[in-house]
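Contents: one structure, followed by commentary.
The values are calculated or read from the model by the stated rules, or taken from the named source; none is laboratory data. Note that the coordinates shown come from a computational prediction; the quantities given were computed from them, not determined experimentally. Quick reminder, even Gly has a Cβ in these numbers, built from the backbone with ideal geometry, and neighbours come from all protein chains shown. Ligands, DNA and RNA are excluded from the accessible area calculation, which covers all protein heavy atoms including side chains. Shrake-Rupley method; radii C 1.70, N 1.55, O 1.52, S 1.80 Å.
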Amino acid sequence: MNESAFLAKSIVEREHGLSQSLSRAQIIMIGLGGAIGTGLFLGSGIAISYAGPSVILSYAIAGFIALVMVFSLSEMAVVHPAAGSFGVYAETYINPWAGFVVRYTYWLVQVIAIGGEAVAAGLYMTFWFPHVPVWIWSIGFAFILLYVNARSVGDFGTFEYWFAMIKVSAIVLFIILGAVGILGIGVPGTGFHNLTGLPGGFMPHGVSGMWMAVIVGLFSFNGIEVIAVTSGEVKDPQRAIPAALRTMLLRLFLFYVIALAIVVTFVPWTETGAKIVEQSPFVRVFAHAGIPYAAGIMNFVVISAALSSMNTNVYLCSRMLFSLSRSDHAPTFLGRLGRNRTPVAAILVSGAGILVAAGVSKLTPLAYNYLFGVALFGGMTVWIFILLSHISFRRRHGAARLPVRMPFFPWMQLAGIALLLGILVTMGLDTEFWNISWIVGVPWLLLISAAYFIGRARKRAAAVVRAP
C-alpha cells in the first residue's frame, strides 16, 4: 500500500462510526444554509456603506476566494472523507501543530458566531414579542438546535434543508421583484441610474472602499466549509461531494452577487448603506416594491437565517471536537458516539461554549468585540491553512487519478492565499474597527500553540515514564 492510500485509510478508520445518511440534496442546502446567514440580509448594509455600488465587485472577489478554497477542499474531501475535514488535512499535509491549531481555532470561531446569532435571533423576536426578554429566546433557540443535532444526522439534514429553503426562496423572490422594478415590467422602472448617477459614481469611496467591503463579503461566505465536513456522513462522497459543490457554489455566487446588484440598483446606496445596521437593505427593497408587511416578512426570513446558520455551525463545532478527540488532542469522551451515531458529548460541550459566548455578547458587548476579533482573524487563518494543505496534498498525490481536480493549480491557490494575506494586512492597518482582529487574534494563536507544545511535551514525558 502506497503512502497516499495508507493516509486515506488511516483517516477514515480513526473517525469511523458516524452515520453516512446525508443525501446530495441535503448537503447542497446545508452548504447554502451555512453560507447564507444574516451577513447577507443585514451585514450587506455595512459592505454597501464602504463600497457603494462597487460592492458587486467586492462580493465577486470574496466569492472567487471562497470558490478556490472550497474546490481545493473538495479535492481532499473526496480522497479523505472525514468529519475533521480541513483540520485533519492540515495535520496530515502540513504538520500536527497545524491540525491542532486549525481545529481548535475553527471551533472557537464557530462558537462565537453561534453565540452572536443566538442573541441576534432573540433580538429579532422582540419585533413581535417586545416584552419577552431576549435571553429567553436565545437560550430556547440554542437548546432546540442542540437537541436537533443530538438526534440522527438525517434529522439534522432534514431540518437544515427546510430552513435553508426559506432563505433561498426569499432571495429568489427578492431577485424577481427587484428585476421587475428595475426593468419596469408592468410598473415604472427605476433603471440603472443608481449604479453610476449618484455622487462618487460606481466607486464612491475608491478602490480602498471596495476592498474594505471584501472583508465583509468574506465573512458572509464563512460557513461554506461545511460541505467538506459532511463528507464523513454523506452517502457515496466520491460522487455526492463534487456534484453538490458544482451546483451549490454557482447558486451561492449568483445569490450573493445578483442580490446585491439588485439592492444597489433598485435603491440608492446612500439609503441602504450603514455601518450601524438598523434595517436590512432587503426590507427597503420589499417596501419600495409595495409588498405589504415587508418588515414582518423579512424579520421571519432573518430569524430563519440566524437559526439555520446556528444549526449548521453547531454541527461544525461538534465534528471539530469529535475529530480532535479521535486524534488524541481532546478528552476521550468527546469522541464517543450516542445511540444515533452522533457525538453527543461534543455537541453538549459546544453548547456550553455557545451559551457562554451568547452571555458575553449580551451582557458585556466590549468583551464580545474581542471575541469577535478572534473569530475574524481565525476565520482567515483557517482558510489560508486549507489552501496550504491543498498545495501539499497535490504534491503528494498528483492530479492524474483525482476524481475532482481544481484547474490552474497552483496559481489559483497562490492567488487565494495572496488575497487572504492582503485582507489580513488591511484589517491590521485599519484603526477604526478591524484591527481588533490582530489585537486578539495573534495572542490567541500564540496561546493555542503554547497549549499544543506543552501537551506534546507532557505526552512525551509520560511515554518515557511508561517505557520499561
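If you put +1 on each Lys and Arg Cβ and -1 on each Asp and Glu Cβ, how big is the dipole of the chain around its Cα centre, in Debye rounded to 20?
Working: 28 positive and 16 negative charges, 284 e Å.
That gives the chain a dipole magnitude of about 1360 debye.
Net charge within 15 Å of L218 by Cβ-Cβ distance, Lys/Arg positive one each and Asp/Glu negative one each, not counting L218 itself? Before the final figure, lay out the partial values.
Numbers: positive: none; negative: E225, D430.
Within the 15 Å Cβ shell, the charges total -2.
Lys/Arg Cβ at +1, Asp/Glu Cβ at -1, dipole of the chain taken about the Cα centre: which of Y147, Y315, L334 is farthest positive-ward?
So the residue we want is L334.
Along its three principal axes, how long is segment 338-442 when you only count alpha carbons? Whole Å, largest extent first please.
Principal axes ranked by extent give 54, 50, 17 Å for the Cα atoms.
Quick one: helix 411-429 against the long Cα principal axis of the chain, what's the angle to the nearest 10°, folded into 0 to 90?
70
Compare Y293, Y104 by solvent-accessible area with a 1.4 Å probe and give them largest first, with all protein chains kept in place.
Y293, Y104
Once a ≥ b ≥ c are taken as the square roots of the eigenvalues of the Cα gyration tensor of segment 400-468, is the result rounded (a/c under 1.5), prolate (a/b larger than b/c) or oblate (a/b not larger than b/c)?
On the way: a/c = 5.50, a/b = 1.30, b/c = 4.24.
It is oblate, given that a/c is not under 1.5 and a/b is not larger than b/c.
Bins of 10 Å, beginning at zero and ending with the bin holding the largest distance: percent of Cα pairs per bin for the chain, please.
Answer for the chain: a P(r) of 4, 21, 32, 27, 12, 4, 1, 0, 0 percent.
How large a share of the accessible area of segment 81-140, in percent, is made up of carbon and sulfur atoms when the probe is 1.4 Å and the other protein chains stay in place?
Ligands and nucleic acids excluded, carbon and sulfur reach 77 percent.
Rounded, prolate or oblate: pick one for segment 102-154, where a ≥ b ≥ c are the square roots of the eigenvalues of its C-alpha gyration tensor, a/c under 1.5 means rounded, and failing that, prolate if a/b is larger than b/c, else oblate.
Numbers: a/c = 3.42, a/b = 1.58, b/c = 2.17.
Judged from the Cα gyration tensor, segment 102-154 comes out oblate (a/c at least 1.5, b/c at or above a/b).
Report, by chain and number, residues whose modeled amide H sits under 5 Å from the one on V234, excluding near sequence neighbours (fewer than 5 apart, same chain).
Answer set, sorted by chain and number: L22.
So, with a 1.4 angstrom probe, what is the percent of accessible area on segment 313-436 that is carbon and sulfur? The partial results should precede the final answer.
Numbers: 3540 of 5490 Å².
The nonpolar share, carbon plus sulfur, comes to 65 percent.
Give me the 1.4 Å probe accessible area per residue for the chain, excluding ligands and nucleic acids, in Å². Don't skip to the end; give the middle numbers.
On the way: 18810 Å² over 468 residues.
For the chain, the solvent-accessible area averages 40 Å² per residue.
When averaged across all projection directions, what area in nm² does the alpha-carbon convex hull of segment 172-262 cover? Please report the intermediate quantities before stating the final value.
Working: hull surface 32.6 nm².
Over every viewing direction, the Cα hull of segment 172-262 projects on average to 8.2 nm².
Taking the 0 to 90 degree range and rounding to the nearest ten, how far is the long axis of helix 237-266 tilted relative to the main principal axis of the chain, both from C-alpha atoms?
For 237-266 against the chain, the angle is about 30 degrees.
For segment 295-353, count the residues as N, evaluate 2.2 N^0.38 Å, and divide the Cα radius of gyration by that value, please.
On the way: Rg = 14.8 Å, N = 59, 2.2 N^0.38 = 10.4 Å.
So the Cα radius of gyration is 1.43 times the expected 2.2 N^0.38 Å.
For segment 54-71, in order, what is each residue's ³J(HN,Hα) by Karplus, 6.51 cos²θ - 1.76 cosθ + 1.60 with θ = phi - 60°, in whole Hz (x at glycine and Pro)?
Result, rounded to whole Hz: 6, 4, 4, 5, 4, 6, 5, 5, 4, x, 4, 4, 4, 4, 4, 4, 6, 5.
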